[in-house]
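Down below is the structure, laid out as structure tokens.
What follows is calculated from the coordinates using simple rules that are stated; it is not laboratory data. Computed from a prediction, not measured in an experiment: that's the story for all the values here. Every residue, glycine as well, gets a Cβ built from its backbone with ideal geometry; the counts of neighbours run over all protein chains shown.
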Amino acid sequence: MHPCIGASEIGDFTVLIDILFIISILIIAWFGWKAGLVRSFFAVAAGFVALWAASHYPYQEGINFYIIFAVTVLVIFIVGAFILRILEFFYLRFIDRILGLALNVAVWVIVSVNIIIPTVFQNHAQQDIAQNNKFYNTISNKVHKITPMFKDYVIEKQQ
């Protein structure tokens, strides 16, 4: 434990971290439910595919890059909307929403456990707080068992 921080302050702060983490998961779950898997996937795919298409367009002078980018995004959104209509036609929108919720929560947990929380708690006092946080440690250990490649990016406790 850091000499400047008492045990009660660490306990209070770890509860606050847990509450904020759970609230953020609930907000992300709601966004995932509202968007669904198809919209989430095509929104991300549109950005990557449009960037790739615009950067490989041979005539990138002037506004051409932005036009190709915008047209590619529009085409991918139209394809995504068409697939979403097919899902609604076959009454699969509920499954789409459940999968969207699951995907968004999984991505948020992986990002927050491996990037956000370790980045926020970089100094000694804050690392003690993060190390004593049971909820964070449980999720972090499970995520690292499922995806061991992320362990290299987590900032280790400095001695």
Practice prompt. Restrict the search to segment 10-109; then list the chymotrypsin sites (Phe, Trp or Tyr not before Pro) that DSSP places in a loop and that have at most 10 other Cβ atoms within 10 Å of their Cβ.
Written response: Tyr59, Phe90, Tyr91
Discussion item. Please report the net charge: other residues with Cβ closer than 15 Å to the Cβ of Leu101, K and R +1, D and E -1.
Written reply: +3
